[in-house]
Structure formats: structure tokens, C-alpha cells
Amino acid sequence: MINFQYARASDVADAVRMIAADPSAKFIAGGTNLIDLMKEHVERPSRLIDISRLPLKTVAETADGGLRIGALVPNSDLADHPLVAQRYPLLASAILAGASQQLRNMASTGGNLLQRTRCAYFYDTAAPCNKREPGSGCSAINRRSRMHAILGLSESCIATHPSDMCVALAALDATVHVAGPSGERAMAIADFHRLPGTTPQRDTNLQPNEIVTAVELPAQGFARNYTYLKIRDRLSYAFALVSVAAALELDADTIKEARLALGGVAHKPWRDKGAEAALRGQTASPATFAQAADLILRDAKGFTHNAFKIDLARKVIVRALTQAARGTPQSQSNKKIR
Amino acid sequence: MAPYIGTPTSRVDGHVKVTGAAKYAGEFNVPGLAYGAVVTSTIARGRIARIDASEALRVKGVLDVLTHENRPRMAAKSAAYKDDVAPEQGSPFRPLYDDKILFSGQPIALVLAEEWEIARFAASLVRVEYKKQAHDTDLFARRDRAFVADEPEKQRGKADRAYAAAAVRHKAEYYIPIEHHNPMELFASTVLWQGDGKLTVYDKTQGVQNVQQYLCGVFKMKPDDVRVVSPFVGGAFGSGLRPQYQVALAVLGARALERSVRLVLTRRQMYGLSYRPATIERLALGAAADGTLDAIIHEAIAVTSQYEDFSRNDTCWSAQLYKSANAKYLHQLVRLDLATPSDMRAPGAATGVYALECAMDELAVALKLDPLELRLRCYSDRDQNEDIPYTSKKLRDCYRQGAEAFGWEKRSAAPRSMRDGSELVGWGMATGVWEALQMECAARIALTANGHAEVACAFSDIGTGTYTIMAQVAADMLGLPLDNVTVRLGDSTLPQAPVEGGSWTAASVSHAIAKTADEVRKELLRLAKTMLNSPLAGAKPKDVVLVDGSILNKATGSAVSIADVMRHGAVDRIERESTVSFKDSNSHARNTHSAIFAEVKVDEELGVIRVTRVVNAVAAGRILNTKTARSQIMGGVVWGIGMALHEETLHDHDFGRIMNANIAEYHVPVNADVHDIDVIFVDEPDAIINPLGIKGIGEIGIVGVAAAIANAIYHATGKRVRDLPITLDKLQRPS
């Protein structure tokens, strides 16, 4: 960890001013990811701007029946919030599938959006990594790539986004509210995270002088037919090999609306409008689900250590959609797969 | 007063541990303490071309940066670095000795500063240039370089011929990857510079006297000038048997600065210490159609470093355990550009018996025999290698009681024949075996007239419960309440003890305490006899015992209180110290055994594995403390779950570096992975092994567990995965 300065922002405008004045500064809220990265010398901020006291900790209903979640609402509070538990259980479930209770107590909503990849080469400053040092090369391709991407990857980077919460937010069509020097703006969650392309050093479209202030959910919460199914190398406290957020609106057996987002397979939560369109209007059945799985995975590419994820993802998608259709969402405490 | 031995006595050190009063090596504070931070190599083999510490030295608060170029004197000869448990062959690693890089993660500089944060920051500013050389870290790529290290191939009968002629044969290769110990406590040392040429070293170690002797060798110091203290250890599992480099560096720093120094390694740096060597195991079993074994061939190839031959024979267990006229076994090593491996819980057996017990399961399938029945048909009451009887072996009782508790008779034989909804259910079993070792050690007892005793020995308590069993044995032998016994351990100034390892501590120290208590008893009797009209006047030592604070004549029932005797003798303290040694008799084999039964549930479609039940039935002589012993076995089972499903140190062989050097990505079982664990101790009286009949249980809990789980996974899925860990993708591999 390098020596850094510490400053506390008094309000959002102050935070924006402070970050604009110092390009090598970083915001800190829960610090659950940033401090780890600083200890490994992956992040080397000259200054930490503490935003943990800013008034961004409320969960409130919006005029159009949605929910606005302050960027500093802790993950554990969000998962346990009655409105989330009742109306957006998919989000609650995804949050509870991630990390540990202790980490969720500290981690913030905004920070969760900004988690950085767990790619071992990104974490090891002795190894080349385009995300850490643009132009140095990707060490992960055909090396230790078990946890790496099968979709949306590039020759520059095959890292994955590690968040569970974001996979649910993607499925729920959340909007990310940010503030910057020229005021506030909103981004669809799909536009928030980026694919690696030739600039894997940029995880998101958040500008360096912007701060996440809130995440907003639309009214439709899919509380009846949903699941978050996460498959990993141990039964808790591990990052996803493949995770699936599935949400359906059913009219008897007919799918009226479908959402399907994958975690652990790409540089961002992976959604495919084509696969969802293929579900709409169809009868909920394994065959329908398999078709959607094939569609969403049609461009999947595997490497030596992660090729198994393609077939695994196909199976997990079908299983997750089956859980959602049956109204038997995966429990995050009982680890038996439903 | 009921005896304490054999009861579920709670830990006597439990209160200080849960309240935080127990201090660990990195927690001792003294005025003027300086802090160290280590810089480690990023390459696996080569030389340091240049180290530039100038930027680090400019940081305010940095006191010094030590490298091989400017460090204080250390011994040159490798013999000076040999500790009690160093491999016989090779030269131990000498930290900061020269410019040679032997493994990635090797310490190459020590930054010393006024504050830990300053030291850590400055360590990031030390610039290093290397002259790289090609390295090898991949066992599979270099298996053709295997060589015989210490024990040549051994054979009885004609194993190859018997195997070729056998009616039913099984041959396969198994693999266990490198595993790291990952104790919760980070390796740490705090060195107190006393200013009189003397040092007190608080160290995370399993052997304070081993570290003391090592430091005396490395720094040419007199034993009286180095005191090593380690009252509490937050887990070690073998990683603390040898002095680790941080203790040498902390002393080096203290000598350079002439002030006290603390050095705590990071979790990532702990992956630059020792580990369980990756091992390739080849098993060939030949049997008659009735399930009696005729040939056992076991060959292993394990990893070692380029500079020491660490060798623990994985293969001898196979030839010892089961009855077979023909057997052959050979353990070999391959040198790679890695740190030297070390003992990790049940070294050699956790890995070798994993392979043997999976192979036995596969043989049972080939024979169409129940796996438990196969073990019974091959049962031997004699050590098959030495052809001698065991001091005791109640493995049959383990099989019977374990099977009964598990409900083994309800098992349906065919793979994939048991299910629970969407999950396939599998039941597997395995045998475990370990040695019942005993080592020379000494104990001191000081009994005071107020009816209090202090019992002392230099052994460590690595969290296993040594404090507690020492107190139990002393209390019983001296006839005192447990609360009246104080235990001192983990201090090099205390009576002699070897490292705490090999499952030998309980048996060795208990025997030493019993012998010393006997001396105390004799002295009390001598004093009692001098009392006027002594009720013990005619008593012989063998007639009296110490019980309820008195000396009691067992025959007559007459007794005198210890307090009265000591008052009469005008002594306020009786102190005795004695040493016990154990003759290396070859008349009997000394082993512990176990039978493990495991249930797994595997999601048929996705391959997600849950270990839902484990029964571990253990025969390990007399159990001193059924509570701490149960915890020990449970810990072994949990680790066995990790070995079967999770643990693997992942090297990038191009970089020669460990890529999962943290406990987020190096997986060990978490609570969700652990379900019902049932521990059974079968009754195993043993009048031969030692007077108290104690065998020790530190390692036996893990042996066989991974095999039982692997066999259960086969039974559930019909899929045999022989290379650990069994991750869900391996269940999808083509057969």
C-alpha cells in the first residue's frame, strides 16, 4: 500500500469537486475491494476521498412505482429491505449469493457496481495485464483462465465482472444515476459497464470526475417468477463460474415477458435481447429454455481452462428458467439446487 | 474426585483465547519497536542483478533496507541452518544470503521502519533487476526426472509377477496438487533486543527449542542468549515445524538496528513458505476372485525444491495396511524451482492413502464386492511390511461401528442407483492409518504447599489442546483439582521437547508428566513417613496414590493430606523434573487407524457436490480428552472435504508464480460446505505402547477422508475423478 492522503467529502458537489481536482484520487465507501487492491499495489491512489458519510443511504419509492436506492446503502441493508425483499426478491437473492455477511455489511451499492475483476493476473503486479497496464498484454488467455470470460471478450482482455448484484440489476433494467461537474445524468445499467475491446482498463462508462449517486429500479420486479442461480467452486464465499438471473412474467404457461442475465461469463453482466425475445410468447418448457440458452451463448468462446463454462452455462440457464417458471427460486442458504 | 483423563474437559486456555488475552507472536509490544516488511522475488530462478533501495531509504521513518549486499553477518555454512526437522539431503534456504533466486516469492530485502505502514510502503519502492534463468515448476512436465531420494524400492514376494497373474486387476494414476497450510495466524516474529547481547524471540512456531537452536546456528549465539517463546499458535498444521524465514529476518533486523523488531508476513507471502508437495501416485492392485489381495504396487512421484530433498514416503502405507504376499513400493522426487515442501497434516499418508483407498474402491467394483467387505477380506492383524503385530489395532471395530452409525448396510451397490430428487446420492468409504509416535521429552512439576502445581514442558500448543491435556494428566497424577494446575509451555527455557508434530505430543508429554508426578509422589511419601506415628509408616511407593489432595494407602485406606506432609517436612515446594525416552522397539508396530464413511449428494445435471454426512470412526488408543479430540477429528474431516473438493495451489508455469495466493481464491471449505460430522472413538486398550495407553490423534482425522468422498462421488455419479480436487467440470469430462 502506498502512502495516500485522506479527505472527507461534505456533500455530493464537494465530492465531485474534490475528484475533479485530483485525477489520481479515488472515492472510498466500504473499501471492501479498493483496500485489497491497494494492498496489492494494483490501485495506487494518491488520495482517498471518503464519501461514506454522504446522505445517499435511503431506499425510497419513486413516483412511477419503482425504487430509488442510494449509492451508499450497504449491500446487507439492501438485501434485507422490506420493499426489496417483497418486490425485487431477485435483487435480494443475488446480493445474498455474493461475498460474506461481513463484507456485505461494509460494501455499498455504488461500490458493488464498481468492483474490479478477480483475474489473478490483474491482481499480480509481476504479471503483464492490459487492464492494469494498458499495452502490456493479457496474461490470462490460455493460462489460468478458469474464472474468465466466454462472451464479449477481446484479445486484450478476458476478465469477468465479479458482481452478483449487478447481474440482477441488469435483469431488472436498472438505471444508474451519476453526478458530475456538469450536473446529473442517468445511464441504463446495460450502458454502465463496458466490454473490454481495446481499452480493458476502463471497466465502466462512469467518467473519472463522476460519482454514482443512486440506482433506480423500474416498477416491474418479477417477484413471482424469478431466480438467482449461482454455480461456483464451493458452496458459499466464492466467485461465480456461471450465474444466472432469470425473471419471467407468465400468463398460465405462456411467457409474456422474460429477462435473462448471466454473471461470471463476461466483462459485464451479460444480456441478450434476442434470447429474451425468443422466450416471449412461448410456452415455458425445457425446450424453449434450451433454445434461449443456445441463443445467448451462440458467440461463446472458451479457452483451455474455461471451455467447460459454455456447456455449464447452457445447463444453468435452463435450470434457472425452470426454477423461475415453477416459482421455486434458488435458496441462498440451503445449497441444494432446486 | 473423578479422574479428568478421558473426559470432555473444556480447554483450560479457552477463556484467554476468546477474550483476546492470549497473545500471539505478532502481538507482543515493547517500547521502541521497529517494524519490518519483506520484499519478495517475482521470478522463480536466476540472480539478482541489482537492488536499488535508494527511493525506499528516502522515505521518512525508514531505518534501513537490508539485502544480501549489506546485511549483518550470518553463518556461511549450510549446516548452520539445519534445524531438527530439516531434510537430511540438501542445503536449507538462507534468507538474504546471496543473489541467487531459488523460487518465486523468495525474500530478497527487508525494510525496517519506525511504523509498519512506513515499512510496507517503502518495500513497494525497492527496485529489483534480475538475471532470469529458465525455470521448471510443472511436475507433469518433469516427471521423467524423478529420482530416488532416501528410501530405495522395497519389495516382498514378486509383486510384478503376482500382479500379472492376478484374476482381477486394477491399475490407475492419481494426483494430489500442491496445497498450502493457510493457518489463520500469519507467520510473525517479535524480537526483543535486550541490550545485553540477549534476545527474546516471540515466534509463531511448533518448536521453540528448534527455533532457538536454529538461531544460535545462524547467528553464532549462545543458547543462554536466545530465548524463544510461543505461548499461543493460531494454527500451523506442520507449517511451523521448521523455522520460517521471518524469524531469521526479524533477528537479522534487530541485530542490524540494535533494537526490537517485529516482522509479520502477508497472506500472499505465506504462499512463499512451505506446502504439501504435489504428488503423482500410481497404484496397481491384483486380487484373487474371492477378494484377497495378491499384489500391491504403489509408486509415487512428489515435488521437492532444487536445494533440499523433502521426502515423506507416500507408498509404505499401501504395503503395510492390507494382507498381501506380494508388494512393492517406491517414493521418488522431482526437483522444481519452488520452495521446499514441508509436512502438512499426515504427510505422506493424507496423499498416499488417498490413492490407495480410491484404488481399493475401484478394485472392489472390479470384483463386484462391497468396498467394506473387500477391506475385511484383506484385513491384517500384522504390519505387513515388518511382519510384526500391532501394539493394538481395533480397525475392525472402526469398520463395524462406523458402518452401523452410517447405515452402510442400506447401500445399494450400483453407481447412480441412489437418489434424492434431482440429486444423485453416493456413499463411499475408506480406511485411514497413521503412526503412533513418541519422542523423548522432559516435564517439570513444582508442587506448592497450598495444593497448587505448575507443570511445564517446552512443547507448543498449536491449538490442539496441549495445555488442557497436560493439566488433565497432571491433575489426575497429583490428585489435584484441574483449577489447581497451571501449565507452562512454548518457552525454550522450559524442559526439553521436540517440535509439536507427528501426533506424538500427547503421548510423549503425558508420559513425562506421569513419570515426574511419580517422583513427586515418592518424595511426598518419604516426607510422610517421617511424621510422628505416620499412618503411611510401612507403605511402599507402589502402595500409595495421590488423590483428593492426599496421599492414600490403597490397601489400608489411610491417608495424609499433602498440605500436612509438606508442613511437617518444612518444605513449601517440591520440584521434580524427569525425562522420558521411548525405546525404538521393533517388536510391535505402533499405528492409529480409522474408517471413514461419507455421503455426497450431486446435482445430476450441474454436478454441484455437497458432502452431506461423514462418519469417522477412530481407533487411537486411550483418548485423553473426548472434547478436544473430537474437535481434532472434525478438523481433519473438514480438511479432508477441502482436499477432496477445493484445495489447489495454482501455478502459472510460464511465470513460475502462484496465481491464487490468497484465501479468496485458494479455496478451503466454508460453513456451507460442511454438514453432519459424526466422530466415534472406538475402545482400544493398549498396554504395550506406553503406561497410559495413549497414541495421539493429530493427523489420523484427515487420512482417508478425501478417498471416502471421492469414492462416494463415484458411487453417486458413476464418474471416477482421480485428480484432486474434484471440481464440477471434471464430472463432465469424457471418461
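Observations on the structure shown:
- Largest to smallest principal axis extent of the C-alpha atoms in chain A, angstrom: 58, 49, 35
- Trypsin sites (Lys or Arg not before Pro), loop per DSSP, at most 10 other Cβ atoms within 10 Å - longest free stretch of chain B: B:78-367
- Only lysines eight or more places from A:LYS26 in sequence, or on another chain, were considered; those with a Cα closer than 22 Å are A:LYS39, A:LYS57, A:LYS131, A:LYS268.
- Filtered GluC sites (Glu not before Pro), the stretch B:344-451: DSSP coil and at most 12 other beta carbons within 10 Å: B:GLU386
- Legend: helices of chain B (whole DSSP H runs) are marked when their alpha-carbon atoms reach 30 angstrom or more along the helix axis and their mean Kyte-Doolittle hydropathy is at least -1.0; marked are B:505-529.
- Altogether, the Stokes-Einstein calculation at 20 °C and 1.002 mPa s, with the Kirkwood radius of the stretch A:1-91 over Cα pairs as Rh, returns a diffusion coefficient of 144 µm²/s.
- Kirkwood hydrodynamic radius of the stretch B:354-450, from inverse mean 1/r over distinct Cα pairs, in Å: 17.0 Å
- Cα-based reach from B:LYS132 at 18 Å (exclusive), listing lysines while leaving out same-chain residues under 8 positions away: B:LYS100
- Spin-label zone in the stretch B:609-642 - amide nitrogen under 17 Å from a point set 7 Å from the Cα of B:LYS17 along the C-beta vector: B:624-639
- Computed E for B:LYS583/B:THR556 - FRET, C-beta separation, R0 51 angstrom, nearest 0.05: 0.90
- Summed over all non-identical Cα pairs, the Kirkwood treatment of the stretch A:5-53 gives a radius of 10.9 Å.
- Cα-based convex hull volume of the stretch B:580-735 per residue, rounded to whole Å³: 182 Å³
- Vicinal HN-Hα couplings computed from phi for the stretch B:675-687 (Karplus, 6.51 cos²θ - 1.76 cosθ + 1.60; Hz; Gly/Pro x): 10, 6, 10, 10, 10, 10, 9, 7, 6, 9, x, 9, 8
- Taking the Cα centre of the stretch B:1-102 as origin and assigning +1 to Lys and Arg Cβ atoms and -1 to Asp and Glu Cβ atoms, the resulting dipole is close to 120 debye.
- Helical contribution to [θ] at 222 nm, DSSP H n ≥ 4, -39,500 (n - 2.57), averaged over chain B, rounded to 500: -7000 deg cm²/dmol
- For B:SER534, net neighbour charge (Lys/Arg +1, Asp/Glu -1) across residues whose Cβ lies under 14 Å away: +2
- Distance (nanometres) between label positions extended 7 Å along Cα→Cβ at A:THR199 and B:LYS627: 6.3 nm
- Considering the stretch B:54-125 at the alpha-carbon level, its Rg and Dmax are found to be 14.7, 45 Å.
- Oblate is the label for chain B. Its Cα gyration tensor axes, ordered a ≥ b ≥ c, give a/c of at least 1.5 and b/c at or above a/b.
- Folded to 0 to 90 degrees: helix A:286-296 orientation relative to chain A principal axis, Cα: 30 degrees
- Inter-chain Cβ neighbour count for B:666-679, averaged per residue, equals 3 (cutoff 10 Å, partner chain atoms only).
- Chain A: calculated mean residue ellipticity at 222 nm from DSSP helix runs of at least 4, using -39500 (n - 2.57): -7500 deg cm²/dmol
- Computed over the stretch A:225-326, relative contact order equals 30 percent, with contacts defined as Cα pairs under 8 Å that lie 6+ residues apart.
- Sparsely packed GluC sites (Glu not before Pro) within the stretch B:63-121, loop by DSSP, other Cβ within 10 Å at most 12: B:GLU88
- Normalised by residue number, the volume inside the convex hull of the Cα atoms of the protein assembly as shown is 183 Å³ per residue.
- Note on chain A: with charges restricted to the Cβ of Lys and Arg (+1) and Asp and Glu (-1), its dipole about the Cα centre is near 980 debye.
- The ellipsoid equivalent to the alpha-carbon distribution of the stretch A:225-326 has semi-axes of 23, 15, 11 angstrom, derived from the gyration tensor eigenvalues as √(5λ) and listed largest first.
- Gap separating the Cα centres of the stretch A:219-293 and the stretch B:216-253, nearest whole Å: 56 Å
- Chain lengthening between B:ALA672 and B:TYR97 when straightened (0.36 nm per residue, less Cα-Cα): 202.5 nm
- Comparing B:THR42, B:GLY432, B:ILE551 along the charge dipole axis of chain B, the residue lying farthest to the positive side is B:ILE551, per the Cβ-charge model.
- Placing unit charges on the Cβ atoms only, positive for Lys and Arg and negative for Asp and Glu, gives the stretch B:589-695 a dipole magnitude near 680 debye about its Cα centre.
- Per-residue HN-Hα couplings for the stretch B:409-424 [Karplus 6.51, -1.76, 1.60; θ = phi - 60°; Hz; x = Gly/Pro]: 5, 8, 6, 8, 5, 5, x, 6, 9, 10, 8, 9, x, 7, 9, 7
- Along the stretch A:152-168 the Karplus relation, 6.51 cos²θ - 1.76 cosθ + 1.60 evaluated at θ = phi - 60°, assigns HN-Hα couplings of x, 8, 9, 5, 7, 6, 10, 6, 10, 7, x, 6, 8, 3, 5, 5, 5 Hz to successive residues, with x for each Gly and Pro.
Throughout, read-outs are computed from the coordinates displayed, never taken from laboratory work. Keep in mind that what you see is a predicted model, and the values were worked out from it rather than measured. Cβ: placed from backbone, ideal geometry, glycine included. Neighbour counts: every protein chain shown.
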